[in-house]
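Read through the structure below, which is laid out as structure tokens, and then see the notes.
Please treat every number below as a calculation from the coordinates, not as lab data. Treat the numbers as computed from the prediction; the structure is a model and nothing was measured. Note: ideal-geometry Cβ built from the backbone for every residue, glycine included; neighbour counts use all protein chains shown.
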Amino acid sequence: MTKRNSPVRNTQQRRHAIMQLLQDKGEVSVEQLVQLFDTSEVTIRKDLTALEINGFLVRRYGGAILMPKDFIDESQDENLSKRKLSIAKAAAERIKDHHRIIIDSGSTTAALIKQLNSKQGLVVMTNSLSVASELRSLENEPTLLMTGGTWDTRSESFQGKVAEQVLRSYDFDQLFIGADGIDLERGTTTFNELVGLSQVMAEVSREVIVMVESQKIGRKMPNLELNWAQIDVLVTDDLLSDKDKAIIEGHHVEVIIAK
């Protein structure tokens, strides 16, 4: 394959070609894409991660499948970032000075970081390198703890038994965690089969706060992450219907609507 001069354009064209291949076949493997585009496995995994974040596909072991139409994320919507910001601001209001908190990996929870500058004496645990990096840039310099563990390329976070053991060595006031989907009957759901760390995060936290856009409420992903009995608060945007709000509150979960 002839190498092009513009790496940005090259990346855009490659990701467009990956989506075309997915549209045709419904599934692709990392090995197949490495050979097809004559590039590294690391580059292809970054491509798949970026496409997944934008709601175009779902990562599977060794490859990816096309995102089911029922679950297509409206990530292109300009209002989505505004909704995430409003959710982050509402969630941050529950954090007090000197709290010990966990921030799970994810774009919605990451929006919380910029809201922490006014908080003093925070201790923050995370399993995400990107969250850790942003925390280090805060002027109030919260104490940063990392779980360590095994790096999971799909979630871009540390997972596994080591991470779980580290978490169990501490206790926390609050956990801030996102979700791929909200099953109104069961709780938070995900395509990712690695849910053990989320369970431990909830176990070691006195208050579990789920941060999620309303468009994800009603989505039933294959894997249950946290059941309603493990969740104390759900923070979402003002597009949540009254009916869904009542169902969630029926599980003894406090619902906060971000304005």
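Once the mean of 1/r is taken over each pair of separate Cα atoms and inverted, segment 162-259 shows a Kirkwood hydrodynamic radius of 13.6 Å. Result for the chain in a Gaussian network model with C-alpha springs under 10 Å: among L240, L197, L85, the largest mean-square fluctuation is at L240.
Close amide H pairs (under 5 Å, H built 1.01 Å from N) link D152 with S157, F158, Q159, residues at least 5 positions away or on another chain.
Here the chain is treated as a sphere whose radius is the Kirkwood value from Cα pairs; by Stokes-Einstein at 37 °C and 0.692 mPa s it diffuses with a coefficient of 170 µm²/s. Modelled spin-label separation between E31 and L194, with each label point placed 7 Å from Cα along the Cα-to-Cβ direction: 2.1 nm. For the residues S107, S128, S241, a GNM of the chain with alpha-carbon springs under 10 Å puts the largest fluctuation on S241.
Picking from V166, L224, V34, whose Cα lies most toward the positive end of the charge dipole for the chain (charges on Cβ: Lys, Arg +1; Asp, Glu -1)? Farthest towards the positive end: V34.
Using only Cα atoms, tell me the angle between helix 41-53 and the longest principal axis of the chain; keep it within 0 to 90° and round to the nearest 10. Roughly 50 degrees, rounded to the nearest 10.
About its Cα centre, the dipole of segment 125-170 is roughly 240 debye, where the only charges are +1 on Lys and Arg Cβ and -1 on Asp and Glu Cβ. Based on the Cβ-Cβ distance from M19 to S133, what FRET efficiency comes out when R0 is 25 Å, to the nearest 0.05? The computed FRET efficiency comes out at 0.30.
With a simple spin-label model that places each label point 7 Å from the Cα along the Cα-to-Cβ direction, the separation between L144 and K96 comes to 2.7 nm. Build a GNM of the chain with springs between Cα atoms under 10 Å apart, and of L175, L135, L22 the one that fluctuates most is L22. Looking at the chain, the DSSP beta bridges with both ends there are about 40 percent antiparallel.
Among the trypsin sites (Lys or Arg not before Pro) within segment 86-150, those in coil by DSSP and having at most 13 neighbouring Cβ atoms inside 10 Å are K96. Paramagnetic label reach from S169 (point 7 Å along Cα→Cβ; backbone nitrogen cut-off under 16 Å): within segment 87-128, residues 124-127.
In whole percent, what relative contact order does segment 133-238 give with Cα contacts below 8 Å and a gap of six or more residues? Present the calculation step by step, with values, prior to reporting the outcome.
Numbers: 183 pairs, mean separation 26.5, N = 106.
Relative CO of segment 133-238 lands at 25 percent.
Partners of K46 within straight-line reach, counting aspartates and glutamates whose Cα lies under 13 Å from its Cα and excluding those fewer than 8 residues away in the same chain: D152, E156.
Near the amide H of G63, within less than 5 Å, lie the amide hydrogens of V30, all on another chain or at least 5 residues away, with H placed in the peptide plane. Per-residue packing, averaged as other Cβ atoms within 10 Å, sorts the ranges 208-218, 176-186, 143-153 into the order 208-218, 176-186, 143-153, beginning with the highest.
Placing a label point 7 Å from the Cα of K89 along the Cα-to-Cβ line, the residues of segment 198-213 whose backbone N sits under 17 Å from it are 212-213. Relative contact order of segment 111-185, please, whole-number percent, based on alpha carbon pairs below 8 angstrom and at least 6 residues apart. Dividing the mean separation by the residue count of segment 111-185 yields 23 percent.
For the chain, relative contact order (Cα pairs under 8 Å, six or more residues apart, normalised by length) works out to 14 percent.
Annotation: amide H of D180 within the under-5 Å range of T189, sequence separation 5 or more or interchain, hydrogens built in the peptide plane.
May I ask you to list the lysines whose Cα is less than 16 Å away from that of K245, ignoring any residue fewer than eight positions away on the same chain? Here the lysines satisfying the reach criterion relative to K245 are K216, K259. Suppose R0 equals 41 Å. What FRET efficiency, 1/(1 + (r/R0)^6) with r the Cβ-Cβ distance, do D242 and T11 give to the nearest 0.05? Efficiency, from the Cβ-Cβ distance: 0.40.
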